[in-house]
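K.L.:
First the structure, then my questions, so here it is.
The values are calculated or read from the model by the stated rules, or taken from the named source; none is laboratory data. Remember, it's a predicted structure, so these values are computed and weren't measured experimentally. All Cβ positions, even for glycine, are placed from backbone atoms using ideal geometry, and neighbour counts span all protein chains on display.
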Amino acid sequence: MHLILSGKEMFIVSARLITISFNHVTIAVNSVPKCGKINNESQENVGSPRTTPTKTRRKRLILMRHAERVDRVGFFRFLIVDAELLVFPGWLRLTNLNGTYSRYNLNQPRYLPTRWSGMEGFHNDSPITQIGEFTAQAVAEEITGNYQIGSIYSSPALRCIQTANQFNKFLLPVARIKVEHSLFEWLGWYKIRCYLALNTTLIIDKLMSNTSCNMLQPPKWMSTEELIRSNLNVDMNYKPVHGSNLQPIVGSESIVGYFDRSIDFLKIMLENDKSETICIITHAPTLYIYTRYLLNISDTTPIREELDSSGSKIPYCSSVVMEKNADDDGWKLGKAIKVMTYLNQSTKIDYQFLLNKRNDQFPK
């Protein structure tokens, strides 16, 4: 097809507009946004070709850990457990210039969301890093290019919600994020982390006063209104299975209590959400619990050593795909999402740890 206009010939070839003048050739490529798939099996994915989805009706659950958080971007070995190393341990103090946020490292966020609790609210509810956002976006693009996402659930932690929000860069229409407090990590960790901070010089720089520890403070999650004002696409109408009143058990929640809280939500969600593919953005130990529970691995209640090791074995932005056929009661592992590797970091899960049968590796 071609048109004659003002002495120039215009050819339209596929998505490219080619304008030929007398003296030169100009090529302009129309920008077509790459869209993922949501609630429409006939929707075509724009971009690189993908495998044609199977026509077999399946229930699919994609579990993903949040992206790299600004206050912990690595791990060190402390005694027997893997603990997270604070690379920006004083980031809140050092970026707070008379109440105005100003980053001192390019891996820190360009800006912080506005919250009623001020910058102190980020102590136990930190945002993700620039590298974290980029990694989450790359993984979200891969997932949405292969699966039709029907629902997205997220822990109330800001780092999880920001990770979940990356999916909406590839979904039309966007999937409103259902913020579920049941998906938050084990609350007993806050007492343990405070103990480590008070008894080692590896975790330093104004984390605690002489008599108290900020890690014992309950997380101050952002409200729905604050999240929306921060351009995070959360579902205002969603009612969480467990409300926000988890603060009374901060530092005292048992592992069994954490397990029950997590599984209660999973059962209710799977029974009521009829979406074919559901995505959950959560924390490493919750991903560990859900995978083992759905695969019916014996004795699925985790032990302390497993919770402590989950952060290094299930890296930032790592994911697991769980599938079951409509006529089958059993879940199985689906095709793994492609991993992303950079420098000495990777989103690859340690499946030997994830699927261990609890042998002598973790004696009780």
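K.L.:
Tell me, yes or no, whether region 327-338 has at least one residue that is buried (at least 19 other Cβ atoms within 10 Å of the Cβ), among the basic types (Lys, Arg) and in contact (Cβ under 8 Å) with a residue 24 or more places away in the chain.
P.N.:
Within region 327-338, none of the residues are buried (at least 19 other Cβ atoms within 10 Å of the Cβ), among the basic types (Lys, Arg) and in contact (Cβ under 8 Å) with a residue 24 or more places away in the chain.
K.L.:
If you don't mind, another one. Yes or no: region 339-347 includes at least one residue that is over 21 Å from the mean Cα position of the chain (by Cα) and of a type in the set (A, V, I, L, M).
P.N.:
The answer is no, given that none of the residues of region 339-347 is over 21 Å from the mean Cα position of the chain (by Cα) and of a type in the set (A, V, I, L, M).
K.L.:
Here is a check on your reading of the model: is SER102 buried (at least 20 other Cβ atoms within 10 Å of the Cβ), in contact with a Ser or Thr (Cβ under 7 Å, 6 or more places away or on another chain) and within 18 Å of VAL70 (Cα to Cα)?
P.N.:
Here the answer is no, as SER102 does not meet what is asked.
K.L.:
Check every one of the helices (runs of 4 or more DSSP H) wholly within region 120-235 and list those with 2 or more residues that are over 29 Å from GLU253 (Cα atoms) and at pLDDT 95 or above.
P.N.:
Passing ranges, in order: 130-146, 224-229.
K.L.:
Quick one: in region 302-317, of everything that is touching an Asp or Glu at 6+ places or on another chain (Cβ under 9 Å) and in a loop (DSSP other than H, G, I, E, B), which residue is surrounded by the fewest Cβ atoms within 10 Å (Cβ to Cβ)?
P.N.:
PRO315
K.L.:
Further, regarding this structure: With respect to ILE281, is the statement that it is within 22 Å of the chain's Cα centre (by Cα) and hydrophobic (A, V, I, L, M, F, W, C) true?
P.N.:
The answer is yes for ILE281.
K.L.:
In region 281-301, what count of residues is obtained for those that are closer than 19 Å to ALA157 by Cβ and touching a residue at least 40 places away in the same chain (Cβ under 8 Å)?
P.N.:
Summing the residues that are closer than 19 Å to ALA157 by Cβ and touching a residue at least 40 places away in the same chain (Cβ under 8 Å) in region 281-301 gives 9.
K.L.:
Please find, within region 323-349, the residue that is nearest to THR291 (Cα to Cα) out of those that are among the β-branched types (Val, Ile, Thr) and assigned to a loop (DSSP other than H, G, I, E, B).
P.N.:
If we take residues in region 323-349 being among the β-branched types (Val, Ile, Thr) and assigned to a loop (DSSP other than H, G, I, E, B), then ILE349 is nearest to THR291 (Cα to Cα).
K.L.:
Is it true that ILE278 is touching a residue at least 12 places away in the same chain (Cβ under 8 Å) and closer than 29 Å to SER254 by Cβ?
P.N.:
Yes; evaluated as a whole, the condition is true for this residue.
K.L.:
Moving on. Go through (1) modelled with pLDDT of 95 or more; (2) more than 14 Å from the chain's Cα centre (by Cα) for TYR104 and report which single condition fails.
P.N.:
The single condition TYR104 does not satisfy is (1).
K.L.:
Are any residues in region 243-289 in a loop (DSSP other than H, G, I, E, B), surrounded by fewer than 16 Cβ atoms within 10 Å (Cβ to Cβ) and at pLDDT below 95, and if so, which ones?
P.N.:
GLY243, SER244, ASN245, SER252, SER254, LYS274
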